Structures are given as structure tokens and as C-alpha cells.
Amino acid sequence: MSDDAKLSARRLRLKLALEELQEMKGFGTELVTLIIPPDRQISDARAMLQNEHGQAANIKSKGTRKNVQGAIESAISTLSRFKTPGEHGLAIFVGSIIIGNNKSRMVNIVVEEPPQSLVSFRYRCDSRFELTQLEEMLVDKKSYALFVIDRAEAAYGIATGKRIHVQEHLVSNIMGKHRQGGQSAQRFERLIEEAAHNFFKRATEHASSYWLPHLENIQAVIVGGPGATKDFVVKNEYFHHEITKKIAKTTFDVGYSNESGVRELVENAGQLMGEIELDAERQIMNRFLEELIRAHPKATYGEMMIKQALTQGAVDTLLISEGLRGNIVELSCKKCGHGTEEKWEARLTRQQELPSCPACDASGDSIRELATYSIIDSLSQLAEESNSQVTYISVDTEEGSQLMQGFGGLAAILRYPMM
């Protein structure tokens, strides 16, 4: 899986976890949040939890005391699986949550490999989980570099979300028309062109220096202006070579090359700014749809067929809708042992009660939750094992909506047709 795909997977995994965690609530201050940044030791967190377990013995309410100590014990048990917090840290959310009808269910959710590093150590016991650090990781930091220029002036800045920031407005002071003739005319023309070259170089260097520290988040560099100068500057590669790679193919005509021109550029290029992000998704979805209508298609869809194709190593690219939801829960029965030897799985949300044992009809505390993982995680793991690419498709395009509504959120482009 490419680095971009891995980051997308981590962001989507965090988004799914947060959707569940934000809905959870405890009867009292019984939900334990433990956040360990990458520079803290697991042993420190374990020692702190053991101390908190002792302190919890002083809680007056018997029910609250039992639930808090149970949550802390579960968190300590979870920590035993990890030697270090990992490159970006580790977050554990555990406790007894309300699931309706005055019932509760113990949950234990671990967020490992978040898309960014956790900043500070945090332990909290409350009626809701502490999610601020993780929520900040999903704030959209995508931006677009903006540049307008003509021979008289230039301006540049950056657009992030709904905010447009114009960093600098530059004036060229290039001489205009002149009346000299003969050799003087040639000399003046040469001086004017030299001044123009220096101005183009100065403007693009200033802009490049401003954008380079933000290059990771810049989706494209969008160039505009009132005349042909904008195309001349792009064609003659005045920008830094790393910036040049991100210049959009389309340039835009705007009335001015100042702050007003930058804002007009955003208005004119608004559609392009959205298209750049979604074009790659459209292309791969169109590739899937075109393949699907062939006589012997190298494409399939539906969870059962895709699992079969992944198991056979037939999947080239797995398409997963970001709108796909659902968890697979592995269970066992303490009373009769069902699920101990042969796998017992159920589809549940975190807010649903665990099902009764299909073998002996036991329920409640007799049912043990062994593991919970999302359908997306399950399929992504299969894809990684079969060296298949994974692409996450938003629901913001017609094609993305079609993947979710028409194909159940899952599709695959195959390496060969499946009979």
C-alpha cells in the first residue's frame, strides 16, 4: 500500500472510531480515556493506571466503583499487548456505555497508528470520552496556492477551507512605452525585457518561498492574470521545481493582479479546486464501470465476491466507499464454550446489546466479546496480504455515490476475470 493510501486508511479508521466514540455515554464518570504520546513509556502509563485502580476503591457508589475498576483493569490488559506507543502514539477508550433500556455494555476501543502524532499524555475518567486531540487530526488542512501576475504587478497567497490569505502584493516598476528610435529603441526594449524577467523571477521566488513549507498540504498551484504574462511565466519555469510539479494545467483570466485578482481567481477556479481532489476518484470509478460491462469483466462487487477474489489474490485495486459502515464482533459463550473452537461472529454497532448464544441461549454477562473490527479494516487487511491496492472513494461525486448506493460501498478491479 502506498504512503498516501496508508494515510487515507488511518484517517478513515480514525473517522469511524470517532463517530462511535462521540455517541457513547456512561451512567456516571465511568468512561476511561488514556492517551499516550510517542515519547512516553508504556510502563509509565501502566503504573499510573494501577495507582488509579487503587484510588477507585474509595468511590462510594458500588456500581460506579465496579465499573471504573473494571474499565481500568481492561485498559491495563490492553496495554500488555504493546511494547511501545508506536510512531504516533496510542489512545485507549474503555468503559461501560449506555445501550438503552437502562442497560450497559463494556467497550474497549484502541486507536493505534493515528494519522498524526498525539501531543500530550492524558488520563481522564468521565461520563464521556476525551476526544479533542483526535478530532483535531481530522480538521481539513488541504489548501491551494494562488498566484496572479502581469507585467505591472503580482500577488500571491493561499486558500484553506473558506479562508483566503493574500501574503504579498508586488509592483514591478517596469517602464512603459517610449519614443526613442534606432539603437536607443533596441536598448530600451532590452532593458524593459530584462526588468520584466527580474520581476517575474522576484515574484515567483517570493511565492515559492512562502508555499514550500506548506507544500505537503497544497493540492495545486492555481495561476491567473489579465493577459498572456501568466502563461509566459508558467511556460518558462520561473517557479521552484517542486512548485512547478503542482501547477494546475488550466490558467485563469482575471481582471487584476492584486488582492482583488487573487479573490477573483478563487471564484473563477472554484470548480477546478474541487475537481482536482475528486478527479482521481472519478477516473478509477470510471475504470471499474467500464470494466464491469465487458463480456469477461475484470471487475466484481459485493462483500462475498470481493472476499473470495481477495482470498484468491485476484484483486488489483479494491475500492472502498468512505460511507461504508459496520463492525464484525467475535464472540464466545462462557457457559457452553460456543465460539471457543469454531468462530462465532455477529454484525453489531457499539450501541447494540451482545446477542444471545445460538447454542445454549445464554445472554448478558455470559457472552464474552473477543474482538471487534470494522468491515473496512477486515477487507483492508485481506488486501494488504494479497498485495492489492486500496482506494478510498468519497461520496461527494456521482460516481462515489453510485459505489455506495449501487454496489454496497465495495468494488474491485481484478487482475484477471473470475469465472
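Read-outs throughout are calculated quantities, based only on the coordinates presented, and are distinct from any laboratory measurement. Since we're looking at a predicted model, the values are computed, not measured. Because the Cβ atoms are built from the backbone with ideal geometry, glycine has one as well, and the counts that use them run over all protein chains shown.
When a/c is below 1.5 the answer is rounded, else prolate if a/b is larger than b/c, else oblate, so apply that to the range 275-389 with a ≥ b ≥ c taken from the square roots of the Cα gyration tensor eigenvalues.
Prolate, because a/c is 1.5 or more and a/b exceeds b/c.
Please say if the range 3-137 is rounded, prolate or oblate, where rounded means a/c under 1.5 for a ≥ b ≥ c the square roots of the C-alpha gyration tensor eigenvalues, and otherwise the choice is prolate for a/b larger than b/c and oblate otherwise? Don't skip to the end; give the middle numbers.
Numbers: a/c = 2.41, a/b = 1.38, b/c = 1.74.
It is oblate, given that a/c is not under 1.5 and a/b is not larger than b/c.
When the Karplus curve 6.51 cos²θ - 1.76 cosθ + 1.60 is applied with θ = phi - 60°, which whole-Hz ³J(HN,Hα) does each residue of the range 353-370 get, with x for Gly and Pro?
With coefficients 6.51, -1.76 and 1.60, one gets 6, 5, x, 6, 5, x, 8, 10, 6, 5, 8, x, 5, 6, 9, 10, 8, 7 Hz.
Once you charge only the Cβ atoms, +1 for Lys and Arg and -1 for Asp and Glu, what is the size of the charge dipole of the range 3-137 about its Cα centre, to the nearest 20 debye?
Numbers: 19 positive and 17 negative charges, 128 e Å.
For this selection, approximately 620 debye.
So which cysteines of the chain have no other cysteine's Cβ under 4.7 Å from theirs?
Isolated Cys, the chain: C125.
Compute the Cα gyration tensor for the range 353-419, then decide on rounded, prolate or oblate, letting a ≥ b ≥ c be the square roots of its eigenvalues: rounded whenever a/c is under 1.5, prolate when a/b is larger than b/c in the other cases, and oblate in all that remain. List each step's numbers first, then the result.
Values: a/c = 2.72, a/b = 1.98, b/c = 1.38.
Prolate shape, in that a/c is at least 1.5 and a/b is the bigger ratio.
Counting other Cβ atoms within 10 Å, which trypsin sites (Lys or Arg not before Pro) in the range 38-79 have at most 15 and lie in a DSSP loop? Each step should come with its number before you reach the end.
Values: sites: R40, R46, K60, K62, R65, K66; in loops: R40, K60.
Hits after loop and neighbour filter: K60.
Arrange E193, E216 by Cβ neighbour counts within 10 Å, fewest through most, would you? The partial results should precede the final answer.
On the way: E193 11, E216 8.
Lowest count first: E216, E193.
Sum up the charges of everything whose Cβ sits under 13 Å from the Cβ of G28, counting Lys and Arg as +1 and Asp and Glu as -1, but leave G28 out. Provide the component values of the computation, followed by the final result.
On the way: positive: K25, K60, K62, R65, K66, R128; negative: E30, D126.
Result for the neighbourhood of G28: +4.
Measure out, as a whole number of angstrom, how far apart the alpha-carbon centroids of the range 214-245 and the range 1-62 sit.
Taking the Cα centre of the range 1-62 as reference, the centre of the range 214-245 is 44 Å away.
Do any GluC sites (Glu not before Pro) in the range 372-419 lie in a DSSP loop with no more than 13 other beta carbon atoms within 10 Å, and if so, which?
Details: sites: E384, E385, E398, E399; in loops: none.
Here no GluC sites (Glu not before Pro) fit, given the DSSP loop and packing criteria.
Which entries in the list K201/K249; K15/K103; K25/K334 go over 24 Å, if you measure between the two C-alpha atoms of each? Before the final figure, lay out the partial values.
Details: K201/K249 20 Å; K15/K103 26 Å; K25/K334 27 Å.
Table pairs above 24 Å Cα-Cα are K15/K103; K25/K334.
For every helix of n ≥ 4 consecutive DSSP H residues, a contribution of -39,500 (n - 2.57) applies; sum these over the chain, divide by its total residues, and give [θ] at 222 nm rounded to the nearest 500 deg cm²/dmol.
Numbers: 11 runs with 165 residues, N = 419.
When only DSSP H runs of four or more count, the value is -13000 deg cm²/dmol.
What percent do you get for the relative contact order of the chain when only Cα pairs under 8 Å and 6+ apart count? Before the final figure, lay out the partial values.
Details: 730 pairs, mean separation 61.7, N = 419.
Relative contact order, the chain: 15 percent.
Say we join alpha carbon atoms closer than 10 Å with springs in a Gaussian network model of the chain; which of N387, N286, N198 then has the biggest fluctuation?
N198
Choose one of V32, V119, M106: the residue whose Cα lies farthest towards the positive end of the charge dipole of the range 3-137 (beta-carbon charges +1 Lys, Arg; -1 Asp, Glu; about the Cα centre).
Going by the charge dipole, the pick is M106.
Work through the residues other than N102 whose Cβ is under 15 Å from its Cβ and net out their charges, Lys, Arg +1 and Asp, Glu -1. Walk me through the numbers on the way to the answer.
Values: positive: K25, K103, R105; negative: E30, E353.
Taking every Cβ under 15 Å from that of N102, the sum is +1.
Quick one: which of 97-103, 113-119 comes out on top by average Cβ neighbours within 10 Å, and what's the full order, highest first? Intermediate results must be reported in sequence, preceding the final value.
Values: 97-103: 13.1, 113-119: 17.6.
Peptide ranking by packing, descending: 113-119, 97-103.
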